Amino acid sequence: MEPVGSAPPFWRKPNFLYYWLPPVLWGLAVLSLSGDVGSNTNTRHLLQWLLSWLVALKPAQIDLINFFLRKTGHVLAYGCMYFLWFRAFRGYANYGPWRACLWSLGFCLLYSSTDEGRQWFHASRGASIYDVILDMSGASLTALIVGAVWTPGSKNAAISGIAEGQTIGPE
């Protein structure tokens, strides 16, 4: 029983898991791929097997495709991570857009640094500051996109008021 006039702890408020569980789970998924499971060799073999159903490629071509897919994965993974953190800070913690943006970028930097630091201890992986820069580029790009489509004063994403039933163009 709570005393009158006191707010419940943040984890007992409605929708706590709805907002905070997705970014935490996504972060754990990203960190799980920073081990041997997400190594260059494993992703190359998987890609080679998938492409063998469609076309016959030379090993150098598969390596090039694997390289670009892995780097694109960095951008997409951290872009998604930024969005999930921003959604949690904006929707649940009631942070303003700038504060939510900075906290979200901070968490992405923390995860990215942890991710690369963890790779330092795996023989099949290698830590790289360039991957941290690439991760933060994905998060920053998503921050720009979210900033462009997030309606000021609203906690919900809406492009030009479409979510409220408005139309685009002359009426």
Mind checking the full-extension length gain between Ser140 and Val55? Use 0.36 nm per residue of separation minus the Cα-Cα distance, one decimal, nm.
27.0 nm
Potential lengthening between Val24 and Leu109 on full extension [0.36 nm per residue; Cα-Cα distance subtracted]
29.2 nm
At 7 Å along Cα-to-Cβ for each site, give me the label-to-label distance between Gln48 and Asp63 in nm.
1.2
Work out the FRET efficiency for Leu17 and Val149 from their Cβ-Cβ distance, taking R0 = 25 Å, and round it to the nearest 0.05.
0.50
For Trp20, Trp98, which order do you get if you count the other beta carbons within 10 Å of each Cβ and list the fewest first?
Trp98, Trp20
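No value in this document is a laboratory result; all are computed from the given coordinates. Since the model is a prediction, treat every value here as computed from it, not as a measurement. Counting neighbours? That spans all protein chains shown, and the Cβs are built from the backbone with ideal geometry, glycine included.
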